[in-house]
Amino acid sequence: MDSCGLICEKFVKLISRKDIGMNEMTLPSDFCSKYINRLPGSFHLILRTGYRLPVFFNKGRLILNGVYCLFRDFGLKGGEMLLFEYFGREDINVYIIGINGSEVEYPHVIHHLQTCHPRRVTVGNGGWRFALFVDATFGFHDDIEAPITFMERRGYDFTVSLRIVLSNGKVFWAKFTLETRKISCLRRMSEVLGVPDLKCFHMLLFTYDGVSAINVSAFDEHLYETVFPGSPLCNGVRASGFALTIKQSNMLPDYYGVDISSDYQDICNMWGRIDYIHVYDNNCSWRLEVRKRSDWKGTYIHDGWLEFRNSLELDVDDLCIFQFCRESYNHFTVRVIKNPGDDH
């Protein structure tokens, strides 16, 4: 996924019984060809419990050394999948997808070198995932059936109407039937993408936000994320969103917390305690982390702000107007008005 500003790359590794006895793992060549110069010789794999695994990257062989502790500490047996998310920084986030296709219930563990306590993992803090491999039936049926373990842990909170958000920002609504655990969305997804069926993809990843939306990502035969064709602008933009006027404090070298005015509380209420928004400008995109203040009385932009600010060459008093794409509170276009006060 080419982007300006904050990078967001995903890939999946299938873990075999042989793998769990090893202390090394090969990273995808496509990923390494893009980011080998960004990745240091040592960094951390970070899991949702706050578990931080130190690993060493052999750039000549494209191999991570030190992964055995992760397999052991999280009780992997073989047959699981590891989902990797890389945001252009030193460390890489990792999620565990179980043998049944649902994200696992994480054991309450941290690495033995850490002195902190494990974090409690909830659907409101990063969503919950399940994966489905695309087979021949995807061309004939409209329904997908969520894994029973996913439904038992998270899915019974589903509403009858679910908002499906594709990785390119396009959004549509799908019907959920509790009795069958089925979501009717495949035909509509094909229509929105303009493809005859979904068999051009190898795997689909569904991330439930804990409220009413499911984000969908697609992966190729190498289990490397492929961005859906099109962009959210293809279906037009509704004139609604939020605005930021750049302050002097927002320009500090290490400044991260950019407050969003309470005037836009209705939009902020659509986000979880820690959430992400995707922002588009022509052919560029950024992934910004939005967080609630500890008292829940304010929302601010955290990770991604520095890359976003520097890429757009923002300055004090510039006005940034974020307009959300049709039916999506996590995908925005941005328009910058340079110091509008200068015109008056």
Scan the range 262-296 for residues that are open to solvent by less than 50 Å² (accessible area, probe 1.4 Å) and either acidic (Asp, Glu) or over 16 Å from the mean Cα position of the chain (by Cα) (or both) and jot them down.
-> 267, 268, 275, 281, 284, 289, 292
Go through the range 51-95 residue by residue and tally those that are within 14 Å of residue 24 (Cα to Cα) and of a type in the set (Phe, Trp, Tyr).
-> 4
Members of the range 325-334 found to be touching a His at 6+ places or on another chain (Cβ under 9 Å) and either outside any loop (DSSP other than H, G, I, E, B) or not polar (S, T, N, Q) (or both), listed by number | 325, 331, 332
Test each condition in (1) under 28 Å from residue 21 (Cα atoms); (2) touching a residue at least 60 places away in the same chain (Cβ under 8 Å); (3) buried (at least 17 other Cβ atoms within 10 Å of the Cβ) for residue 92 and report the one that comes out false.
-> (2)
Residue that is most open to solvent (accessible area, probe 1.4 Å) [pool: residues in the range 19-41 that are outside any helix (DSSP H, G or I) and either at pLDDT below 90 or of a type in the set (A, V, I, L, M) (or both)] | 37
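For the range 260-276, give me each residue that is of a type in the set (A, V, I, L, M, F, W, C) and touching a residue at least 40 places away in the same chain (Cβ under 8 Å).
Initial filter on the range 260-276 (of a type in the set (A, V, I, L, M, F, W, C)): 260, 267-268, 270-271, 274.
Once the filter is applied, which keeps residues that are of a type in the set (A, V, I, L, M, F, W, C) and touching a residue at least 40 places away in the same chain (Cβ under 8 Å), the range 260-276 yields 260, 267, 270, 271, 274.
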Residue by residue through the range 8-18, note down the ones that are open to solvent by less than 60 Å² (accessible area, probe 1.4 Å) and modelled with pLDDT of 95 or more.
-> 11, 12, 13, 15, 16
Can you name the condition, by its number, that residue 137 falls short on among (1) closer than 18 Å to residue 187 by Cα; (2) without any contact (Cβ under 8 Å) to a residue 60 or more places away in the chain; (3) part of a strand (DSSP E or B)?
-> (3)
Examine the range 123-132 for a residue that is at pLDDT 90 or above and loosely packed, with under 15 Cβ neighbours inside 10 Å, and state whether such a residue exists.
-> no
Matching residues, the range 168-180, being outside any strand (DSSP E or B) and either among the hydrophobic types (A, V, I, L, M, F, W, C) or crowded, with 19+ Cβ neighbours inside 10 Å (or both) = 168, 169, 170, 178
Residues of the range 63-87 classified as touching a strand residue (DSSP E or B) at 6+ places or on another chain (Cβ under 6 Å) and modelled with pLDDT under 95, total | 2
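Okay, residues lined up against (1) modelled with pLDDT of 90 or more; (2) closer than 30 Å to residue 316 by Cβ; (3) in contact with a strand residue (DSSP E or B) (Cβ under 7 Å, 6 or more places away or on another chain); (4) buried (at least 16 other Cβ atoms within 10 Å of the Cβ):
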{"position": "191", "(1), (2), (3), (4)": "no, no, no, no"}
{"position": "199", "(1), (2), (3), (4)": "no, no, no, no"}
{"position": "205", "(1), (2), (3), (4)": "yes, no, yes, yes"}
{"position": "221", "(1), (2), (3), (4)": "yes, no, no, no"}
{"position": "229", "(1), (2), (3), (4)": "no, no, no, no"}
Pair list, Cβ under 8 Å, 6 or more apart: the range 169-192 residue under 28 Å from residue 286 (Cβ atoms), other residue assigned to a loop (DSSP other than H, G, I, E, B) and open to solvent by 70 Å² or more (accessible area, probe 1.4 Å) = 171/326
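The values are calculated or read from the model by the stated rules, or taken from the named source; none is laboratory data. Keep in mind that this is a model prediction, so the values were computed, not measured. All Cβ positions, even for glycine, are placed from backbone atoms using ideal geometry, and neighbour counts span all protein chains on display. The accessibility values were calculated without ligands, DNA or RNA, using every heavy atom of the protein model including side chains. Shrake-Rupley method; radii C 1.70, N 1.55, O 1.52, S 1.80 Å.
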